1. Please enumerate the residues belonging to the range 63-117 that are part of a loop (DSSP other than H, G, I, E, B), closer than 19 Å to Lys51 by Cβ and in contact (Cβ under 8 Å) with a residue 24 or more places away in the chain.
2. Can you find, within the range 66-99, the residue that is surrounded by the most Cβ atoms within 10 Å (Cβ to Cβ) among those that are among the small types (Gly, Ala, Ser) and modelled with pLDDT of 95 or more?
3. For the condition at pLDDT 95 or above and either among the hydrophobic types (A, V, I, L, M, F, W, C) or crowded, with 18+ Cβ neighbours inside 10 Å (or both), what is the one hit in Leu102, Leu114, Leu139?
4. Restricting attention to the range 21-49, which residues are among the small types (Gly, Ala, Ser) and either modelled with pLDDT of 75 or more or more than 30 Å from Phe141 (Cα to Cα) (or both)?
5. Looking at (1) modelled with pLDDT of 95 or more; (2) out of contact with any Asp or Glu (no Cβ under 8 Å at 6 or more places or on another chain), which one does Asp145 not meet, given that it meets all the others?
6. Provide a single number: the residues in the range 44-62 that are of a type outside the set (Phe, Trp, Tyr) and assigned to a helix (DSSP H, G or I).
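The values are calculated or read from the model by the stated rules, or taken from the named source; none is laboratory data. In this text, all values refer to a predicted model and were calculated from it rather than measured experimentally. All Cβ positions, even for glycine, are placed from backbone atoms using ideal geometry, and neighbour counts span all protein chains on display.
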Amino acid sequence: MDFESDVSLKEWCKDKPLSILQLDPADRAVLRIADERDAIQKKTFTKWVNKHLKKTNRHVTDLFTDLQDGVNLICLLEVLTGEHLHREKGKMRFHALQNVELVLNFLRYKKIKLVNIRPEDIVDGNPKLTLGLIWTIILHFQISDIVVG
């Protein structure tokens, strides 16, 4: 291992629990690569979402927190489909759950397959499932743009 990768490995390890630090170096390397992949996906998906949200004068800074109330997801789907979706305007968890439920039901209505994504997952900011939801939306709308366009 060279000095540069050793330094970045030490940097990556500094905020990890002891259980991860006790793993075999190869296992730690796999986890680190997975973390890097997730960070790249988050950055890429955030840019894609913002490209479309720009039409509504909205902006996402952190994909996991800025989608939690469902409002940005609703705006994204409105831009992508040209359809208007009713949203809950309150700030309580109940309103966020209703908004995300609306998004998931709308996607199912559009015959977009969602696997194991619940409103609570998005409202709670679950990174894997939030990335999965956005990836599903990207696949459906980008591929349909390519096929139709």
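1. Correct list: Leu67 only.
2. Gly70
3. Leu102
4. Result: Ala26, Ala29, Ala39.
5. (1)
6. Residues in the range 44-62 being of a type outside the set (Phe, Trp, Tyr) and assigned to a helix (DSSP H, G or I): 11 in total.
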